[in-house]
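J.: Below you'll find the structure I mean.
The values are calculated or read from the model by the stated rules, or taken from the named source; none is laboratory data. Quick caveat, the model's predicted, so the values are computed rather than measured. Please note: Cβ atoms are built from the backbone with ideal geometry, for glycine as well, and neighbour counts cover all protein chains shown.
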Amino acid sequence: MQVYNSATGKYDPDRAASPSQFWPQVNANASDGSWDNQYANSVLAQMRWYVNGTLISEHPDFQGTTDDGAALYSIDESSSNYRGALTIRKNVPPGQLYSLQFKAVVADPRLGTNIQIATETFLLSTQDKSEDSYSIGIGDDQIIQYNPFKDKLHLYEYKVAHGLIAASDSAKAAATDENSYIRAIPVAVYKAGTKLTSGFSLELYRVDGASKFTKMTAADPEVVSVSASGVSLDLRLIAKADFLVKAVLEGNKGPAPQIQFSVGRIYPDYKISPTNGASILPMDVMRFDKAMVQSDGNVVDCPESIIRIVWKTDSAYLTGLEHNEGGKTLFELDKTMIGR
């Protein structure tokens, strides 16, 4: 969010000198591991940025240049992972609200098809900071990304639920960190630079589109709590969404300050293989195996708590025989027709 000081007539930041950049991080993956590179920005095509539903190239407010002759916007067309990034050099007047959205095409070389992608919309606005003005800030990144492979709290709860470890308050506290699925997002409201402790309440909204918002409460599955000190979310239930936090001032003391943030999911690469590599002997009746999953150079503990693992066998007489789901399997060899 940009801030405008009506006393000095200046913006902070001044986008003409310090442009704002918005990067649509595009990840692609396939359940069978056939997609080579999960970072797909470099192969984006037909890139289009929209402002309030209109192509930015056709929106009258984004035509022209700054005093230094630079275009009010530019789109990264390089072949890097930043391809598609939007740079804005326009200062947004107080009271003006722009809804931005990115659309593009990702070519799927495996199938010879094009995949249409589109981001959620997000808002571009300016807070008018006068002597009695109010502002709002969050004590977290405005782009929050959840990686279930790094969630030690989820792993702790899975192990307790399956009797693998005993419940422990100290162990649970140690497992709760910035990678946990429970994400507490501190929110602070200020009046002329002084942090307020009363005189307002916070409201949480999901951004559904241009000027479309749905109010969220603790009754919604993905919302843990909303209080005067911040909001708490269950990131397991959010694949991708934009949220808006608004401070409602008692006595209607002017426009309610608001701030937006985004939540997304990271899908890291991983490799999976059975750990039992021993040959089948003629006297064997049963077969036991356990899945080993590696990601980012580490063996994933209890991978069945994160990904769906299905055990199947193929033989000359019977292919695609499904046995069970989970991190382990135990099946009768006779049913597979192996060795017949």
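J.: Examine segment 218-226 for a residue that is surrounded by fewer than 16 Cβ atoms within 10 Å (Cβ to Cβ), in a loop (DSSP other than H, G, I, E, B), of a type in the set (D, E, K, R) and touching a helix residue (DSSP H, G or I) at 6+ places or on another chain (Cβ under 9 Å), and state whether such a residue exists.
T.: Yes, segment 218-226 contains at least one residue that is surrounded by fewer than 16 Cβ atoms within 10 Å (Cβ to Cβ), in a loop (DSSP other than H, G, I, E, B), of a type in the set (D, E, K, R) and touching a helix residue (DSSP H, G or I) at 6+ places or on another chain (Cβ under 9 Å).
J.: Output the residues belonging to segment 175-214 that are out of contact with any helix residue (DSSP H, G or I) (no Cβ under 8 Å at 6 or more places or on another chain), hydrophobic (A, V, I, L, M, F, W, C) and surrounded by 12 or more Cβ atoms within 10 Å (Cβ to Cβ). Please lay out each step first, then the result.
T.: Filtering segment 175-214 for residues out of contact with any helix residue (DSSP H, G or I) (no Cβ under 8 Å at 6 or more places or on another chain) gives 178, 184-214.
Next cut, hydrophobic (A, V, I, L, M, F, W, C) only: 184-185, 187-189, 192, 196, 200, 202, 204, 207, 210, 213.
Answer for segment 175-214, where residues must be out of contact with any helix residue (DSSP H, G or I) (no Cβ under 8 Å at 6 or more places or on another chain), hydrophobic (A, V, I, L, M, F, W, C) and surrounded by 12 or more Cβ atoms within 10 Å (Cβ to Cβ): 184, 185, 187, 188, 189, 196, 200, 202, 204, 207, 210, 213.
J.: Considering only residues that are in contact (Cβ under 8 Å) with a residue 24 or more places away in the chain and closer than 15 Å to residue 120 by Cβ, which ones fall in segment 213-232?
T.: If the condition is that a residue be in contact (Cβ under 8 Å) with a residue 24 or more places away in the chain and closer than 15 Å to residue 120 by Cβ, then 213, 216 are the ones that fit.
J.: Would you confirm, using the coordinates I've provided, whether residue 151 is of a type in the set (D, E, K, R) and farther than 30 Å from residue 194 by Cα?
T.: Spelling it out, residue 151 is indeed of a type in the set (D, E, K, R) and farther than 30 Å from residue 194 by Cα.
J.: Using the structure shown, decide if residue 116 is modelled with pLDDT under 95, surrounded by fewer than 18 Cβ atoms within 10 Å (Cβ to Cβ) and in contact with a Phe, Trp or Tyr (Cβ under 6 Å, 6 or more places away or on another chain).
T.: So residue 116 does not fit the description; no.
J.: Mind checking whether some residue in segment 182-205 is under 28 Å from residue 100 (Cα atoms), in contact with a strand residue (DSSP E or B) (Cβ under 9 Å, 6 or more places away or on another chain) and part of a loop (DSSP other than H, G, I, E, B)?
T.: no
J.: Check 281, 318 and return the single one that is of a type outside the set (D, E, K, R), modelled with pLDDT of 90 or more and out of contact with any His (no Cβ under 8 Å at 6 or more places or on another chain).
T.: Result: 318 is the single residue among 281, 318 that is of a type outside the set (D, E, K, R), modelled with pLDDT of 90 or more and out of contact with any His (no Cβ under 8 Å at 6 or more places or on another chain).
J.: Right, next: Return yes when residue 326 is buried (at least 17 other Cβ atoms within 10 Å of the Cβ), under 30 Å from residue 235 (Cβ atoms) and either modelled with pLDDT under 90 or of a type outside the set (Phe, Trp, Tyr) (or both) and no when it is not. Let's see the steps before the verdict.
T.: Working: buried (at least 17 other Cβ atoms within 10 Å of the Cβ): no; under 30 Å from residue 235 (Cβ atoms): yes; either modelled with pLDDT under 90 or of a type outside the set (Phe, Trp, Tyr) (or both): yes.
So residue 326 does not fit the description; no.
J.: Test residue 316 against the criterion of being in contact (Cβ under 8 Å) with a residue 24 or more places away in the chain, among the small types (Gly, Ala, Ser) and surrounded by 15 or more Cβ atoms within 10 Å (Cβ to Cβ), and give yes or no.
T.: Values: in contact (Cβ under 8 Å) with a residue 24 or more places away in the chain: yes; among the small types (Gly, Ala, Ser): yes; surrounded by 15 or more Cβ atoms within 10 Å (Cβ to Cβ): no.
It is false that residue 316 is in contact (Cβ under 8 Å) with a residue 24 or more places away in the chain, among the small types (Gly, Ala, Ser) and surrounded by 15 or more Cβ atoms within 10 Å (Cβ to Cβ).
J.: Applying the selection to segment 143-174, what residues are polar (S, T, N, Q) and surrounded by 12 or more Cβ atoms within 10 Å (Cβ to Cβ)?
T.: 145, 147, 168
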